[in-house]
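Undergrad: My questions will all concern the structure given below.
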Amino acid sequence: MSSRRQTIALVAATLALATSLSPVARADDPPAGGAFAFGLGDHMTVLVQPRHLKVGLAGRERNWEYLKHGIHELEEALEHAGKAVPKWRDLDIKALIEGATKAPIEAVEAAIEKKDAAAFDAAYQRLTDACNACHQSAKVGMIVIQVPKGPSPFLNQDLRPAATKK
Ligand code: HEC
């Protein structure tokens, strides 16, 4: 092999190795070599669902300081899901997520800013309804999100306002 050919072969092999080792998989890439691809349902379950739950639990406790942080994290989780999986089946997920959740999230933020409990409850219900409206339009209407009921499952995190913490 000429040294030029050797160089080309080496570059090609390095590129192939770098690609196979790359931790950043694009959403439209097929899973390489059976590697696990983080799909829309995974983003929803692992990032969006717990953030939605914590906002609901902290809201119940009227923990405004936490809520400012928590609603921002939920917004980012939704944004991230849309960026990571912009297309799902034939749907424009990124646009659907933004269209469904932007206004209700702003309403939740406004209620938190004013520390208005009744407005928060109404806006959080509206946001939860938006989750379900999108599930229905995406034909996964069997996925029903609700305002959390019962005790917090986060046994290692105190979601009450600072004054009530011991
Ligand atoms: C694009 C519109 C859209 C919006 C907005 C949306 N989802 Fe989803 N969600 C989906 C789709 C589509 C799936 C199914 C994905 C799959 O099966 O891979 C899903 C799946 C889920 C799942 C998985 C459920 C299971 O048991 O498998 C959960 C949990 C979930 N969503 C929670 C939420 C919450 C909470 C919100 C609101 C804060 C929300 N979603 C907003 C489209 C949406």
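Undergrad: Identify, among Gly70, Thr101, Ala138, the residue whose Cα sits farthest towards the positive end of the charge dipole of the stretch 40-149, taking +1 on the Cβ of Lys and Arg and -1 on the Cβ of Asp and Glu, with the dipole about the Cα centre.
TA: Ala138
Undergrad: Provide the per-residue ³J(HN,Hα) series for the stretch 146-154, in order, calculated from phi with Karplus coefficients 6.51, -1.76, 1.60 and θ = phi - 60°, each as a whole number of Hz, with x at glycine and proline positions.
TA: After applying 6.51 cos²θ - 1.76 cosθ + 1.60, I find 9, 5, x, 10, x, x, 5, x, 8 Hz.
Undergrad: How long is the gain from Asp92 to Phe38 if the chain were fully straight, where each residue apart is worth 0.36 nm and the alpha carbon distance is subtracted?
TA: 17.7 nm
Undergrad: Whole-Hz Karplus ³J(HN,Hα) for the stretch 105-119, in order, using 6.51 cos²θ - 1.76 cosθ + 1.60 and θ = phi - 60°, x for Gly and Pro?
TA: 5, 5, 5, 4, 4, 5, 5, 5, 4, 8, 6, 9, 4, 5, 5
Undergrad: At 25 °C and 0.890 mPa s, grab the translational diffusion coefficient of the stretch 24-166 from Stokes-Einstein with a Kirkwood Rh over Cα pairs, rounded to a whole number in µm² per second.
TA: Roughly 153 µm²/s, to the nearest whole number.
Undergrad: With a point put 7 Å past each Cα toward its Cβ, work out how far Gln157 is from Val46 in nm, to one decimal.
TA: In this crude label model, Gln157 to Val46 measures out at 1.6 nm.
Undergrad: Taking amide H positions as placed 1.01 Å from N in the peptide plane, with prolines and chain starts having none, which residues 5 or more places from Asn63, or on another chain, fall under 5 Å of its amide H?
TA: It is none; the list stays empty.
Undergrad: Follow-up question, since we're still on this one. Per-residue HN-Hα couplings for the stretch 40-50, Karplus 6.51 cos²θ - 1.76 cosθ + 1.60 at θ = phi - 60°, whole Hz, x for Gly and Pro?
TA: So the J values, rounded to whole Hz, are 4, x, 6, 4, 5, 6, 8, 10, 6, 4, x.
Undergrad: Which pairs break 32 Å Cα to Cα here: Lys115/Lys166; Lys54/Lys83; Lys94/Lys165; Lys94/Lys149; Lys94/Lys166?
TA: The pairs that break the limit, which is 32 Å between Cα atoms, are Lys94/Lys165; Lys94/Lys166.
Undergrad: Kindly list the residues of the stretch 104-135 that lie in the label zone of Thr164, defined by a backbone N under 14 Å from the point 7 Å along the Cα-to-C-beta vector.
TA: Zone members listed by number: 117.
No value in this document is a laboratory result; all are computed from the given coordinates. Please read all numbers here as calculations on a predicted model, not as lab measurements. With ideal geometry, Cβ positions are generated from the backbone for all residues, glycine too; neighbour counts draw on all protein chains shown.
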